[in-house]
Amino acid sequence: MRIGLDIDGTIRDIVTPLYRLVGQLYPNMKIDPIEEWKDYQIWKYFHGLDEKQLKEIWFNKYAEGIYFYTAKPYDDFWKIKDELFSKHEVVYLTAQPNSKTRELTLRWLEYYNIENHEIHFVDYDKKSLVDCGFYIEDSPKHKEMIEKYYYPGVCLLVKRPWTENHNSFSWQQIMKKLEVV
């Protein structure tokens, strides 16, 4: 089956490097623990930075450190990746904010030797335009947009702190669901 797979927050952990970096840059800033992030709008958990300031750190000033040097694959994904790629045609759908993060994403996939047959850098609201049989996301909002375009149930949310208040699944549960589709 053709699977549309998001990258950031789904297979690549860029949240932990961002959390650590901002803590180093602003040692007196209150930052809520990642486990308590129950919303996809993560800038709300960095008390003292607004959305624009956080995105400047994240997407521009320190992008190379966050997206490439310190970002690791999530352990839960790493355990199932070989099975996923052997059974499905994986298409990456990622909404990278600029050319720098796009290039760093390609380098990251290569560095970790993660198969890359097809990748689409698309706006957040355009992921559903890439035809796939199933989609895997970490954003409840993106899931909603995909399912509005197709039908309910076509997109699964991977379990992360910000998806716990939604119908989300571990990678092992996702693999089982893909077996019956």
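The values are calculated or read from the model by the stated rules, or taken from the named source; none is laboratory data. Not measured: the values here are computed from a predicted model. Cβ sites come from the backbone with ideal geometry, for glycine too, and all protein chains shown count toward neighbours.
Here are a few things to note about the model shown:
- Considering each residue of the range 118-127 in turn, at least one proves to be at pLDDT below 95, of a type in the set (D, E, K, R), in a helix (DSSP H, G or I) and surrounded by 18 or more Cβ atoms within 10 Å (Cβ to Cβ).
- Close contacts from the range 61-82, counting a first residue that is among the polar types (S, T, N, Q) and a second that is assigned to a helix (DSSP H, G or I), with Cβ to Cβ under 7 Å and a gap of 6+ residues or different chains, come to THR70/PRO17.
- Of the residues PHE59, PHE85, the single one that is touching a Pro at 6+ places or on another chain (Cβ under 6 Å) and surrounded by fewer than 19 Cβ atoms within 10 Å (Cβ to Cβ) is PHE59.
- Being of a type in the set (A, V, I, L, M, F, W, C) and in contact with a Ser or Thr (Cβ under 9 Å, 6 or more places away or on another chain) is a condition met by at least one residue of the range 138-148.
- Only a single criterion out of (1) surrounded by 13 or more Cβ atoms within 10 Å (Cβ to Cβ); (2) in contact with a Lys or Arg (Cβ under 6 Å, 6 or more places away or on another chain) is not satisfied by HIS47, namely (1).
- Members of the range 53-81 found to be modelled with pLDDT under 95 and among the charged types (D, E, K, R), listed by number: LYS55, GLU56, LYS61, GLU64
- Here TRP43 fulfils each of the conditions (1) under 14 Å from TYR67 (Cα atoms); (2) among the hydrophobic types (A, V, I, L, M, F, W, C); (3) modelled with pLDDT under 95 apart from (1).
- Summed over the range 166-181, the residues that are in contact (Cβ under 8 Å) with a residue 60 or more places away in the chain and within 17 Å of VAL15 (Cβ to Cβ) give a count of 1.
- Filtered residues of the range 92-108 (kept if surrounded by fewer than 18 Cβ atoms within 10 Å (Cβ to Cβ) and within 23 Å of LYS143 (Cβ to Cβ)): PRO97, ARG102
- Residue-level analysis places VAL15 outside the set of residues that are over 30 Å from GLN172 (Cβ atoms), surrounded by 15 or more Cβ atoms within 10 Å (Cβ to Cβ) and in contact (Cβ under 8 Å) with a residue 12 or more places away in the chain.
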